[in-house]
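Have a look at the structure below before the remarks.
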Ligand SMILES: [Fe+2]
């Protein structure tokens, strides 16, 4: 931190790569195809370019590999939450209890997208990329280019930027949004309050992702020693 200024409210983001993605992701694609067909039947839906499953995926997937994947997600959440709260936790050790409050999969193709939204009442949200076209093919889309199927994050100043005048001294506000490149096996973690959007996607392969919201509590209580909110 320089003497000239201090930063308030920086945004913590976590990126993790699942080591077993290459072997586990195809199993997930197959399991989700089956789950999708069942849910479409139950809902009386016909197959379209966008599908979101029910949010009870955590208990629904029966693959033996699933528990290992969930462990990867939980470990990633703990590591990122620790990093984000390093100053606040100030070396205190907590027995952390991670709650996945909802987890679901989403499939998109033919330009389908998921508009800007946030996830209230949780502390962390995440997107895991199960399947998408390889990068060169994906970004070659004639309209969407590099944004094809990306997750776009909108920073805190975004809402205030309507018609903003950009000069050299508020250049730090740029860019107001950031696209996170979607690569299979990648787990993106971000604060649940952060507006985000699944950009339109069109490709050879369907874009398949897992989304979730999580809470993290300390078993001994969430009180921080010597911490005052005022
Ligand atoms: Fe979301």
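A short reminder: the numbers here are calculations on the coordinates, not readings from a lab. Predicted model, so just to flag it, every value in this text is computed and none were measured. Here the Cβ is made from the backbone with ideal geometry for all residues, glycine too, and neighbour counts use every protein chain on show.
Computed values, structure above
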{"read-out": "Extended-chain gain in nm, criterion 0.36 nm per residue less alpha-carbon gap, residue 52 and residue 37", "value": "4.2 nm"}
{"read-out": "Extension gain, residue 224 back to residue 29 (0.36 nm per residue minus Cα-Cα distance, nm)", "value": "66.0 nm"}
{"read-out": "Residue 117 versus residue 63: modelled label distance in nm, points set 7 Å from Cα along the beta carbon direction", "value": "2.4 nm"}
{"read-out": "Mean separation of Cα contacts under 8 Å (6+ apart) over length of the range 126-230, as relative contact order %", "value": "46 percent"}
{"read-out": "Global geometry of the chain, whether rounded, prolate or oblate, following the gyration tensor of its Cα atoms and the 1.5 cut on a/c", "value": "oblate"}
{"read-out": "Computed FRET value (nearest 0.05) for residue 92 with residue 135, which takes r as the C-beta separation and R₀ as 35 Å", "value": "0.25"}
{"read-out": "Mean residue ellipticity (222 nm) of the chain, computed from DSSP H runs ≥ 4 via -39,500 (n - 2.57), nearest 500", "value": "-7000 deg cm²/dmol"}
{"read-out": "Paramagnetic reach from residue 110 in the range 12-45 [backbone N under 15 Å; point 7 Å along Cα→Cβ]", "value": "45"}
{"read-out": "Sequence-separation-based contact order of the chain, relative, with Cα cut under 8 Å and 6+ spacing, percent", "value": "33 percent"}
